[in-house]
Amino acid sequence: MLIGGVLVTMAYRIKHREDEQDSRPHVVQRLTEVFFGRDQNNKAFSTEQLKGRITLFTPLSLREEERMMESLKAMKEVALKFPEDEKLCFLGITVDPEQDNPELLKAALEKLGVGGDERWFFVQAEEEAARGYIRHKVRAEFIESIPSPAGPRKRFRSTLVFIDENLHVLAPAFDLNRAREVALDAQKILSEDPGEAKRLGASERIDDVERALERFHEVLQYIRDGDLKEG
């Protein structure tokens with residue numbers, strides 16, 4: 001049985017084909033509604049602070065540390081690559097605010113090794129407002145349904161989204177956990193059923209994590225250059 005069950009999904013293949021048609025990011029919508037919360041230092045935060053900056057956003061749930069790690073590692077890599085770039089901003093909004101208070105959010109940043117970097121904001125707000133803003137304004141999904149022997153089950157989804165200096169939410173978004181699951185599926189089926197692996201093109205998917213990260217950095221460079229796709 002495939003680990004993630006996603007290697008052969010039509011949606012996954014369609015997404016890759018669409019990305020290959022034009023590698024530039026494109027605008028999904030603009031953040032016209034201001035979002036308010038409290039950051040890891042218990043200071044007032046609003047999305048007005050993102051104006052003029054390039055923001056990497058991801059939903060947070062501290063109980064889902066393992067599921068968040070791929071996204072947070074990618075964000076940290078960018079922070080370390082451009083340590084002097086004050087236009088960069090790294091934002092997380094918790095979807096579990098009753099559990100993830102500012103003190104715990106601050107501890108999470110310290111554990112990640114970016115506690116002293118003032119470009120990072122881990123934000124707590126009222127749960128309904130936070131979840132609604134993430135889903136409907138930032139267009140980032142933080143829950144997904146996956147198959148299991150007992151039927152579909154829900155789990156946390158860690159999505160990476162770019163927001164440009166004009167508060168435009170951009171596509172593509174990145175799900176590095178999904179890329180890793182696809183790569184593991186491909187490796188498994190290559191070892192267990194070479195014939196089926198050939199039919200499915202599994203050998204083309206074993207490096208999906210590396211390809212996703214390359215694409216992630218490519219998109220970032222397009223945004224830094226101001227080269228966005230029209231429409």
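The values are calculated or read from the model by the stated rules, or taken from the named source; none is laboratory data. Because the structure is a prediction, the values reported are computed rather than measured. So basically every Cβ, Gly included, is an ideal-geometry build from the backbone, and we count neighbours across all protein chains shown.
Is the stretch 183-195 home to any residue that is part of a loop (DSSP other than H, G, I, E, B), on the phi < 0 side of the Ramachandran plot and more than 19 Å from the chain's Cα centre (by Cα)? Show your work before the answer.
Residues of the stretch 183-195 part of a loop (DSSP other than H, G, I, E, B): 193.
In the following step, the residues that additionally are on the phi < 0 side of the Ramachandran plot were identified as 193.
Now drop any that are not more than 19 Å from the chain's Cα centre (by Cα), which leaves 193.
Scanning the stretch 183-195, I find at least one residue that is part of a loop (DSSP other than H, G, I, E, B), on the phi < 0 side of the Ramachandran plot and more than 19 Å from the chain's Cα centre (by Cα), so the answer is yes.
Test R153 against the stated conditions and say whether it is of a type outside the set (F, W, Y) and surrounded by 12 or more Cβ atoms within 10 Å (Cβ to Cβ). Here the answer is no, as R153 does not meet what is asked. Scanning the stretch 185-199 for residues that are hydrophobic (A, V, I, L, M, F, W, C) and either under 16 Å from S158 (Cβ atoms) or crowded, with 19+ Cβ neighbours inside 10 Å (or both) turns up A186, I189, A197.
When you look at I206, is it surrounded by 13 or more Cβ atoms within 10 Å (Cβ to Cβ), among the β-branched types (V, I, T) and not in a helix (DSSP H, G or I), yes or no? Yes, satisfied. Among the candidates R135, R139, the residue that is surrounded by fewer than 17 Cβ atoms within 10 Å (Cβ to Cβ), in contact (Cβ under 8 Å) with a residue 40 or more places away in the chain and not small (G, A, S) is uniquely R139.
Here's the yes/no breakdown for (1) touching a Cys at 6+ places or on another chain (Cβ under 9 Å); (2) crowded, with 21+ Cβ neighbours inside 10 Å; (3) polar (S, T, N, Q); (4) in contact (Cβ under 8 Å) with a residue 12 or more places away in the chain:
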position	(1), (2), (3), (4)
L50	yes, yes, no, yes
L62	no, no, no, yes
E66	no, no, no, no
S71	no, yes, yes, yes
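Just for the stretch 18-50: of the residues that are of a type in the set (K, R) and under 20 Å from the mean Cα position of the chain (by Cα), which one is modelled with the lowest pLDDT? Residue satisfying both the conditions and the ranking: R24.
Do you know which residues across the stretch 52-93 are of a type in the set (K, R), within 12 Å of the chain's Cα centre (by Cα) and closer than 17 Å to I134 by Cβ?
Quick first cut of the stretch 52-93, residues of a type in the set (K, R) only: 53, 63, 67, 73, 76, 81, 87.
Now restrict to residues that are within 12 Å of the chain's Cα centre (by Cα): 67, 73.
If the condition is that a residue be of a type in the set (K, R), within 12 Å of the chain's Cα centre (by Cα) and closer than 17 Å to I134 by Cβ, then R67 is the only one that fits.
For E181, the conditions (1) buried (at least 17 other Cβ atoms within 10 Å of the Cβ); (2) under 21 Å from M68 (Cα atoms); (3) modelled with pLDDT of 95 or more are fulfilled apart from (3). Please indicate, with yes or no, whether at least one residue in the stretch 75-91 is surrounded by fewer than 16 Cβ atoms within 10 Å (Cβ to Cβ), without any contact (Cβ under 8 Å) to a residue 60 or more places away in the chain and of a type in the set (K, R). Yes, some residue in the stretch 75-91 is surrounded by fewer than 16 Cβ atoms within 10 Å (Cβ to Cβ), without any contact (Cβ under 8 Å) to a residue 60 or more places away in the chain and of a type in the set (K, R).
Can you tell me how many residues in the stretch 142-177 are touching a residue at least 60 places away in the same chain (Cβ under 8 Å) and under 13 Å from the mean Cα position of the chain (by Cα)?
Of all residues in the stretch 142-177, those touching a residue at least 60 places away in the same chain (Cβ under 8 Å) come to 142, 146-147, 155-172, 174, 176-177.
Within this subset, residues satisfying the condition of being under 13 Å from the mean Cα position of the chain (by Cα) are 142, 156-163, 169-172, 174, 176-177.
The number of residues fulfilling the criteria is 16.
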